[in-house]
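Undergrad: Structure provided below as structure tokens; questions to follow.
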């Protein structure tokens, strides 16, 4: 579960704080577990909620929402083929990928995790984070772009002969 | 349904099942948060109260029911007289014999001074013909013979001889004497000098409420005690204290004074605030990646912006708790009053003071376990201990004399610090914890 918490936090210390809060909730709410799903999944949801609570309680900067920026970002992200090419030849460790997620700004990280990894839709994400769906979409696109950039930087650092344009 | 994206897939596949081992400190913090140490434990207080109640009930639990007759007698109506009670050691084998012909095997007697009613409301039997005693040979009995010698006029001696071909001493002697009640002898009937039994006054016969010959002898005693206790700090939670002491008691009547020397070792929580800082993302700024100028409208510039996270050194802190140990030399001084002393048991209430000198302390250092952070400093939250302390002590001692010289003692005790246990520290209120525990020990009565 610490792996889940680390994805939502900027560092291990915060992740352990979140996991601590999550476990307290697990212990105190265990009677509410209905066995409708797996216990692991139930605990994971609690950890995610704890991460969201932690994010919202420490929110220093609200989402920067600008329609023109959304359009701009959406246009810039409209190159799925490049992602295919990029991902196909990657051999990056899980630890490095975790670092990339953690290095994302808080809002990017939250939305990317919820959408890309937990498979929430934008409507649910907007509800969970208290933002609009458009903001959720913007944050997701920016997160993908930032991650793609980090991956490319890593590849360049490793002298991979590849020319990409973002 | 989410739109499929390779970046998403890459991270989803990598992060699915990705496990990271939590630190030991995390489990410790979870345990502490979920099972926080309570600064108030009712069970400790309840246990102390129950011990006090049990100790108070012990005399009634241990003393056999027939001993209840030893409670304070009530003076009967009528004229009280002093006299002597002459009893056989086997009274069940002695039978009244109005015809003076009963063959009685007993021959031993005890004589002791008593008080009795001159005119009993319900006299047992005929006062003019009460049986006194029997003996096989008067010359062998040191007690009855002088009586017979001095009071021949009042006695009727008859010898009922049973045929015994072997020994003359198988013959039985039966003595009779006039008395007011069975077994009671009017002192006017004979000389107390001859009897050589101690005189007992009417006052002393009734005044002792709970006589105990064992305890009456024990005026000086020495003992060793083991003293497990719980110290209730504020705001720190309760902690254990173990102590042992050697004490001397000096008792005058029901009052006693106790002193000695002891050693105690107590725990306390040492809280430390660990200040550290980490490089955290505190926000972002918008970086201009490129811009374009619309040739058709030169006044309109379109910027392409990127967010760049801003990192800064952010201070954090955690509270680390350590268990400290402090050792003391204790000197108690207490005064007691024995308000119940019956048979082999006693109950004594005591109160006094205890002076303690700190002789050793063990305060473990805090280990800074966060690897990717920079330690700023460690602040001690709990002030340092005082080197000396005064405590008020009170207890209720239950004693059980299991031999004439040795007695076992169990005493629920309460102690209240008179002086603060911590040194003065700005912003920290002086704390005077209290202690509940049990003092158990053995005592030798000189």
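Undergrad: Can you give the FRET efficiency for residue A:127 and residue A:58, using 1/(1 + (r/R0)^6), R0 = 22 Å, r = Cβ-Cβ distance, to the nearest 0.05?
TA: That pair, residue A:127 with residue A:58, gives E of 0.65.
Undergrad: If you don't mind, another one. Subtracting the Cα-Cα distance from 0.36 nm times the residue separation, let me have the gained length for residue B:282 to residue B:19 in nm, one decimal.
TA: That pair, residue B:282 and residue B:19, stretches by 92.0 nm at full extension.
Undergrad: Return the FRET efficiency for the residue pair residue B:429, residue B:219: r is the Cβ-Cβ distance, R0 is 60 Å, and the value is rounded to the nearest 0.05.
TA: After rounding to 0.05, the efficiency reads 0.85.
Undergrad: If you don't mind, another one. Quick check on the exposure proxy: order A:17, B:377, A:53 from fewest to most C-beta atoms within 10 angstrom.
TA: Going from least to most buried by this count: B:377, A:53, A:17.
Undergrad: Arrange the following residues from fewest to most other Cβ atoms within 10 Å of their Cβ: A:119, B:23, B:346.
TA: Least crowded to most crowded, the residues run A:119, B:23, B:346.
Undergrad: How are the C-alpha pair distances of the range B:263-339 spread across 5 Å bins, as whole percents from the shortest bin up?
TA: Percent of Cα pairs in each bin: 3, 10, 8, 8, 7, 7, 7, 6, 6, 5, 5, 4, 4, 4, 3, 3, 2, 2, 2, 1, 1, 1, 0.
Undergrad: Averaged over peptide A:12-20, how many Cβ atoms belonging to another chain are found within 10 Å of each residue's Cβ?
TA: Going residue by residue through A:12-20 and averaging, the value is 6.
Undergrad: Another one. For the range A:1-58, just say rounded, prolate or oblate: build the C-alpha gyration tensor, square-root its eigenvalues into a ≥ b ≥ c, call rounded for a/c under 1.5, and beyond that prolate if a/b exceeds b/c, oblate if not.
TA: Because a/c hits 1.5 or more and a/b exceeds b/c, the range A:1-58 counts as prolate.
Undergrad: Right, here's the next one. Please report how far the C-alpha centroid of the range A:93-148 lies from that of the range B:283-309, rounded to the nearest whole angstrom.
TA: If we compute the Cα centre of each part, the gap is 24 Å.
Undergrad: I would also like to ask the following. Using the number of other C-beta atoms within 10 angstrom as an exposure proxy, rank B:316, B:249, A:122, A:31 with the fewest first.
TA: Listing B:316, B:249, A:122, A:31 from fewest to most nearby Cβ atoms yields A:31, B:316, A:122, B:249.
Undergrad: List the equivalent ellipsoid semi-axes of the range B:328-446 in whole Å, largest first, each obtained as the square root of 5λ for an eigenvalue λ of the Cα gyration tensor.
TA: They are 43, 16, 12 Å, listed from largest to smallest.
Quick note: the coordinates plus some simple rules give every number you see, no bench work behind them. Just so we're clear, the structure is a prediction, and the values are computed from it rather than from any experiment. Cβ: placed from backbone, ideal geometry, glycine included. Neighbour counts: every protein chain shown.
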